[in-house]
Amino acid sequence: MHSPSAQVNGKIGPLMDIASLMYPHVTRTPAEYEKMYPPRQLEPEAMVTRFAPSPTGFVHLGGVYASLISKRLAEQSGGVFYLRIEDTDKKREVAGGRDEIITTLKNFDVSPTEGYVDVDTEKGNYGPYIQSQRLEIYDTYAKYLVEKGYAYPCFCSEEELAEIAAAQERQGVKKKGYYGQWARDRHLTPEEVKAKLDQGQKFVLRVKAPENPGKVRVPDLIKGPIELEANFVDMVLIKSNGIPTYHFAHVVDDHLMRTTHVTRGEEWLSTAPLHLQLFEMFGFEIPVYLHFSHIGKMEGNSVRKLSKRKDPEAAMSFYTEVGYPTDAVSEYLLNLANSNFYDWRKQNPTAPHTEFKINPKKIGKSIALFDHKKLDDMSKDVIARMTATEVYDQVYEWANTFKPEFAEILSRDKAYAIKVFNVEREKTPPRKDFVTWSQTYDATWYFFDELFEAKENEPLTLPDGLSADDAKAVLNYYQGEYDETEDKEAWTERGRNLAEKLGFARDLKTYKADPDAFKGHVGHLMSVVRLALTRSSTTPDLHEIMQVMGKERVSRRISAATHQIL
């Protein structure tokens, strides 16, 4: 790689003198770190990807979206997906933010294979995986840039920088920033640097950007090669407190951790020219970029980015608290990433979603719209594919945190609870009335005596047109004649015979053919049984409900309901 000359007036020495003055504590060289973090022994096509969040708040849906894609690309290519915590912005760091990131990734099955794989477990040979623990490394590479003439110390105060900005504004300068003639400290001599340091002046490290650099092509697997204006501004690489900026730190880290594919949001696309410039200055191999579009939402006739402030679904905690199954969130995000996932799922209804191969070139270039209805539909499908035991386990885990009184009830008789969750689960197509675990309480409470008894004394309102005598007759019949071993066909036939006996049509079709000939149809009668057992007019299959409840519970509830009918 050809680099700008590190010479000043034909001499190398002054640059090395400046570097030594700035970083007298640095004893290692980049070459030593290259040996410490050698190229990974992977197949040529293997991808090394990462999720590199800042612990500055809740984990955004977009972060898990990017992590899921990054992990899949690594796994399906035989590579590595690692987690690096970028905590250099201490002012914005939130207490517990790092642990929340790690826990969220674990909860949504996108835990890394390297880096922080658990809150207290760091794994891998390319750490530390927290940037604040890598300052010695950054100083070494910062010193290298100064020695090569690619960076320099800037002692400008905030007031002086403001004066430069004001002067540019007055003069109508189109390209604003600290560069060229406006870069006051760009050509300080070693003597001048030493004098300022001796005076205790603080400095930032700035990149010495080429003048009139032209255009640069950013290699991007999603958006294709993108041509942008190359960086011409002497951007800050190391702040006055010695902490690197994102621009500097991630370039060093991605190289030393041997990242092959940099996955990040498209808001970073505008800074890619600076990052490519730094890769070239260091002589690093340039990674392939994947700049993801935002997840957005319709607001009126316009589309906006999913907002932390406006949209509860932007936070991953929303999905945990509401109780969306992890697989449902994963499948929804996979469908956002590659729209052909939905067709794949239809063709592979029982396959784990991990078998789906993500194609980075099929990831949408424009904003991905969040569709709550689509998420709910996919969640229904995911839950419908589960066994009753799997449903029980996940409902119990959710309830244990968010509805402990329900968890306690479920734990008293696990076998009975599993039967409850198995109602209509084994039929074709299976039951699809659950979207989230938080809905299971309202859908099943009546099965559990302690919950039912709290509402058992509420008035029993009969369906319109059904007399008290007919209601009592059907309840008395089922209290005395119900056989819990009876199959669905025999149970249905017995109900139809009872309907005829009481002057009701055997089925809806017969009733519709001559409604004046009947008091109603068998459904009207059975609705009384449904109300007596569940206090609800809409439930899953009544025959299955009665089988799960058992004869003793059915008889007891019907008896109580009979006495409520006047």
Trypsin sites (Lys or Arg not before Pro) within the stretch 309-351: DSSP coil, no more than 13 neighbouring Cβ in 10 Å: ARG309, LYS310
Mean-position separation - Cα centroids, the stretch 499-513 and the stretch 216-246, in angstrom: 77 Å
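Please identify the longest segment of the chain free of exposed GluC sites (Glu not before Pro), where exposed means a DSSP state other than H, G, I, E or B and no more than 13 other Cβ atoms within 10 Å.
Longest gap between qualifying sites, sites excluded: 46-210.
What share of Cα pairs, in percent, lie more than 20 angstrom apart in the stretch 451-520? Present the calculation step by step, with values, prior to reporting the outcome.
Numbers: 1041 of 2415 pairs.
It works out to 43 percent of all Cα pairs.
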Rg over Rh, two decimals, the stretch 420-495 (C-alpha only, Kirkwood Rh): 1.02
Cut-off under 5 Å, modelled amide H: who pairs with HIS521 long-range: ALA505
Net charge dipole size for the stretch 78-157 [Lys, Arg +1 and Asp, Glu -1 on Cβ; Debye, nearest 20]: 300 debye
Efficiency of FRET from Cβ geometry, SER317 and ARG184, R₀ 45 Å, rounded to 0.05: 0.45
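Count charges around PHE421 for me, please; just the other residues with Cβ under 13 Å from its Cβ, Lys/Arg as +1, Asp/Glu as -1. Walk me through the numbers on the way to the answer.
Details: positive: LYS414, LYS419, ARG425, ARG431; negative: GLU390, ASP393, ASP413, GLU424, GLU426, ASP433, GLU544.
Neighbourhood net charge equals -3.
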Compactness of the stretch 129-259 as Cα Rg over 2.2 N^0.38 Å, two decimals: 1.17
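Please go through the stretch 124-230 and write out the trypsin sites (Lys or Arg not before Pro) that DSSP classes as loop and that have at most 10 other C-beta atoms within 10 Å. Present the calculation step by step, with values, prior to reporting the outcome.
Numbers: sites: ARG134, LYS143, LYS148, ARG170, LYS174, LYS175, LYS176, ARG184, ARG186, LYS194, LYS196, LYS202, ARG206, LYS208, LYS215, ARG217, LYS223; in loops: ARG134, LYS148, LYS174, LYS175, LYS176, ARG184, ARG186, LYS202, LYS208, LYS223.
Counting only loop positions with at most 10 other Cβ atoms within 10 Å, the trypsin sites (Lys or Arg not before Pro) in the stretch 124-230 are LYS174.
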Carbon/sulfur fraction of accessible area - the chain, other protein chains in place, 1.4 Å, %: 49 percent
Three semi-axes of the equivalent ellipsoid, the chain, Cα gyration tensor, whole Å, largest first: 69, 22, 21
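Between their Cα atoms, which of LYS472/LYS551; LYS106/LYS357; LYS148/LYS176; LYS143/LYS239; LYS305/LYS432; LYS175/LYS310 are more than 23 Å away from each other?
Over 23 Å Cα-Cα: LYS148/LYS176; LYS305/LYS432; LYS175/LYS310.
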Rounded FRET efficiency, nearest 0.05, which uses the C-beta distance separating TYR33 from LYS374 and R0 of 51 Å: 0.65
Per-selection Rg to Rh, the stretch 196-309 - Cα, Kirkwood hydrodynamic radius: 1.06
ARG304 versus ALA513: modelled label distance in nm, points set 7 Å from Cα along the beta carbon direction: 6.0 nm
Residue-normalised accessible area of the stretch 428-554, given per residue in Å² at a 1.4 Å probe: 51 Å²
Compactness of the stretch 285-364 - radius of gyration and Dmax, Cα, Å: 15.2, 45
Angle between the chain longest axis and helix 542-562 axis [Cα atoms, degrees, rounded to 10]: 60 degrees
Length released on extending from ASP487 to THR56, taking residue separation times 0.36 nm less the Cα-Cα span: 149.3 nm
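Taking the Cα centre of the chain as origin, work out the dipole magnitude from +1 charges on Lys and Arg Cβ and -1 charges on Asp and Glu Cβ, in debye rounded to 20.
Numbers: 74 positive and 84 negative charges, 324 e Å.
Using only the charged Cβ atoms, the result is roughly 1560 debye.
So if we plug the beta-carbon distance of GLU43 and LYS362 into 1/(1 + (r/R0)^6) with R0 = 25 Å, what FRET efficiency do we get, rounded to 0.05? Walk me through the numbers on the way to the answer.
Values: r = 23 Å, r/R0 = 0.91.
With R0 = 25 Å, the Cβ-Cβ based efficiency is 0.65.
Just the accessible area per residue of the stretch 8-152, please: how many Å² with a 1.4 Å probe? Walk me through the intermediate numbers first.
Working: 6360 Å² over 145 residues.
On a per-residue basis, 44 Å².
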Percent of beta bridges antiparallel (DSSP, the chain, rounded to nearest 5): 55 percent
Chain lengthening between GLU397 and HIS563 when straightened (0.36 nm per residue, less Cα-Cα): 55.9 nm
For the chain, calculated [θ]222 nm from helices alone, where every DSSP H run of n ≥ 4 adds -39500 (n - 2.57): -13500 deg cm²/dmol
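Name the trypsin sites (Lys or Arg not before Pro) in the stretch 446-540 that are in a loop by DSSP and that have at most 13 other C-beta atoms within 10 Å, would you? The partial results should precede the final answer.
Numbers: sites: LYS455, LYS472, LYS488, ARG494, ARG496, LYS501, ARG506, LYS509, LYS512, LYS519, ARG530, ARG535; in loops: LYS455, ARG506, LYS519, ARG535.
Counting only loop positions with at most 13 other Cβ atoms within 10 Å, the trypsin sites (Lys or Arg not before Pro) in the stretch 446-540 are LYS455.
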Taking all pairs of distinct alpha-carbon atoms in the stretch 433-566, Kirkwood radius in angstrom: 15.5 Å
Per-bin percent of Cα-Cα distances, the stretch 32-128 [5 Å]: 3, 14, 22, 23, 19, 11, 7, 2, 0
Shape category assigned to the stretch 319-416 from the gyration tensor of Cα positions, a/c cut at 1.5: prolate
Fraction of antiparallel bridges per DSSP, the stretch 227-346 only, in percent to nearest 5: 50 percent
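Figure the gain on full extension for LYS215 and ASP118 (residue separation times 0.36 nm, minus the Cα-Cα span) and round it to one decimal in nm.
Gain in length upon complete extension: 30.7 nm.
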Cα-based helix-to-principal-axis angle, 61-76 vs the chain, degrees rounded to 10: 80 degrees
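The values are calculated or read from the model by the stated rules, or taken from the named source; none is laboratory data. All values derive from a computational prediction rather than experimental measurement. Every residue, glycine as well, gets a Cβ built from its backbone with ideal geometry; the counts of neighbours run over all protein chains shown. Only protein heavy atoms, including side chains, enter the accessible area calculation; ligands, DNA and RNA are left aside. Shrake-Rupley method; radii C 1.70, N 1.55, O 1.52, S 1.80 Å.
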